[in-house]
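What follows is one structure encoded as structure tokens, with my remarks underneath.
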Amino acid sequence: MGLGHLQTWLLALPTAVVYGSLALFTSILHNVFLLYYVDTFVSVYKINKTAFWVGETVFLLWNSLNDPLFGWLSDRQFLGSQPRSGAGLSSRAVVLARVRALSWHGPLLALSFLAFWVPWAPAGLQFLLCLCLYDGFLTLVDLHHHALLADLALSAHDRTHLNFCCSLFSAAGSLSVFASYAFWNKEDFSSFRAFCVTLAAGSGLGFLGATQLLRRRVEVARREPGCSALAVDGGLCGEELLVGSEEVGSVTLGQYLRQLARHRNFLWFVGMDLVQVFHCHFNSNFFPLFLEHLLSDHISLSTGSILLGISYVAPHLNNLYFLPLCRRWGVYAVVRGLFLLKLGLSLLMLLAGPDHLGLLCLFIASNRVFTEGTCKLLTLVVTDLVDEDLVLNHRKQAASALLFGMVALVTKPGQTFAPLLGTWLLCFYTGHDLFQQPPMTPVGSAQPWPEPPAPAPAQAPTLRQGCFYLLVLVPITCALLQLFTWSQFTLHGRRLHMVKAQRQNLSRAQTLDIKTV
């Protein structure tokens with residue numbers, strides 16, 4: 001009887017809750033991975049420096065290329081023009097295909113996560129294979145999960161509701177960071193390994209359960225007389241899974257790239273998002289450095305650790321406030337407001353100077369939280385670009401995963417530029433090379449082989465001043481660039497309503513064609 005009640009309760013869960021739970025099963029693994037994978041291979045497995053950098057270099061190339069590669073393999077069948085009669089795959093079939101992919105890739109992501117914490121090969125080879133396997137499955141999970149955001153819902157209200165649930169579950173998943181501190185021990189690795197096995201088992205089983213529930217929700221939605229708002233909005237009602245198909249001309253990769261090159265809003269968006277990705281990773285890379293050189297004399301080590309931990313959770317909680325604003329004012333207006341806020345706070349901090357410690361502490365924390373929060377809102381903008389791409393190119397179905405992959409291809413170089421440009425600017429301004437001292441490096445992306453000697457005490461004031469100007473001038477520059485590119489982005493207001501209305505009409509026309517086949 002108890003199991004029957006549990007099954008009934010699970011089947012009654014809203015689609016948005018089931019969709020959002022997938023973010024929980026990803027985040028409980030990924031946050032622990034980011035924190036500990038470098039320290040594990042450097043301090044526990046004793047990987048040598050050459051093998052480490054070879055692995056990181058191969059990983060950088062793989063990380064940049066796998067998003068568009070997997071997106072193309074997933075969505076190339078949707079790129080043809082909308083046929084006049086008949087259709088290839090219904091919206092419901094596309095959603096079911098993505099859910100089935102998640103049911104496989106989610107557990108495989110959990111298994112690849114486990115491969116980090118058990119030595120099974122020479123350290124250099126294991127490091128390379130683990131990074132590529134884990135990032136490959138993570139990319140597949142992220143692409144299909146983000147694509148479902150565009151495929152399950154069409155209206156801005158429903159998409160923000162789905163994103164709200166994702167932020168809520170991602171915040172809950174970030175708590176694994178705090179739990180991990182109780183088990184992390186380099187000398188006795190068995191307890192941490194058992195903790196990771198527990199996380200992986202929970203994540204893998206969660207993916208299997210959530211995808212099964214989501215599949216049943218989508219299948220039931222078609223048969224119910226009154227489909228849920230999400231199902232109707234995504235065009236999931238009254239469609240057949242297998243339909244007659246009329247072959248249409250396929251689109252080659254070169255043709256698709258030319259279509260993207262003519263997609264004006266896509267180009268302006270990736271320009272803005274490249275700056276945003278750069279700023280997010282700049283904050284992550286230099287957050288501990290700013291704490292050390294600007295605040296270390298005034299806050300305790302435990303306070304700094306708490307600030308670092310909270311910075312992982314706060315962006316998700318922050319989005320729980322901003323997403324309702326997106327429903328009311330639109331994503332474009334909220335993102336523009338965050339850019340203006342970033343510019344205003346940075347100018348205020350520049351005028352106040354580095355000696356106003358309370359304001360400085362607040363600025364360091366809020367700068368990271370708001371920047372990370374903005375990154376999470378931009379997923380909604382990509383779903384709108386998916387709609388516009390479908391309408392402009394008259395596609396059979398929205399190529400959601402492919403467009404997310406192409407955005408990642410253009411913007412991921414910002415991850416590499418952030419530490420390179422940041423250290424170069426600091427060296428250029430102060431003459432101080434961070435690689436000539438043992439730095440307080442970001443957790444999870446440590447420079448594992450610090451080189452002495454430390455700088456002379458006389459250099460400290462100059463270094464502190466350099467850190468302060470880096471802290472405030474980078475956000476000012478990013479905000480100005482983003483405000484310009486964002487002002488050129490026109491997919492909002494009347495145009496956005498027009499695009500959504502045209503996509504809705506295409507979806508309805510396709511459904512009518514399917515019913516007549």
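The values are calculated or read from the model by the stated rules, or taken from the named source; none is laboratory data. Everything numeric in this text was worked out from a predicted model, so none of it was measured. FYI the Cβ positions are ideal-geometry reconstructions off the backbone, even for glycines, and counts take in every protein chain you see. Protein only, heavy atoms only, side chains kept; ligands, DNA and RNA dropped before computing areas. Shrake-Rupley method; radii C 1.70, N 1.55, O 1.52, S 1.80 Å.
Among Leu61, Phe127, Ser27, which residue has its Cα positioned farthest towards the positive end of the charge dipole of region 14-222, with +1 placed on the Cβ of Lys and Arg, -1 on the Cβ of Asp and Glu, and the dipole taken about the Cα centre? Going by the Cα projections, it comes out as Ser27.
Report the extension gain between Arg328 and Arg216 in nm, rounded to one decimal, defined as 0.36 nm multiplied by the number of residues separating them, less their alpha carbon distance.
On the way: separation 112, 0.36 × 112 = 40.32 nm, distance 3.16 nm.
That works out to 37.2 nm of additional length.
Considering only His145, Leu214, Phe183, the residue lying farthest towards the positive end of the dipole of region 14-222 is Leu214, judged by Cα position with unit charges set on Cβ.
Between the amide H of Arg395 and those of Gln82, distances stay under 5 Å, these residues lying 5 or more places away or on another chain, with hydrogens modeled in the peptide plane. For the set Lys46/Lys412; Lys342/Lys500; Lys342/Lys376; Lys186/Lys412; Lys49/Lys376; Lys412/Lys500, the pairs lying more than 25 angstrom apart at their alpha carbons are Lys46/Lys412; Lys342/Lys500; Lys186/Lys412; Lys49/Lys376; Lys412/Lys500.
Note on region 14-222: dipole from Cβ charges, positive end direction compared against Ser155, Leu108, Val44; the farthest Cα belongs to Ser155. Accessible surface calculations at 1.4 Å, restricted to protein heavy atoms, place region 14-222 at 37 Å² per residue.
Relative protection proxy for 347-356, 400-409, from highest mean packing down: 400-409, 347-356 (other beta-carbon atoms within 10 angstrom).
Rounded to the nearest 20 debye, the dipole size of region 14-222 about its Cα centre is 600 debye, using +1 on the Cβ of Lys and Arg and -1 on the Cβ of Asp and Glu.
Gain on full extension, evaluated as 0.36 nm per residue between Glu56 and Gln259 minus their Cα-Cα distance, stands at 69.8 nm. Centre-to-centre, using Cα atoms only, region 92-134 and region 374-431 are separated by 23 Å.
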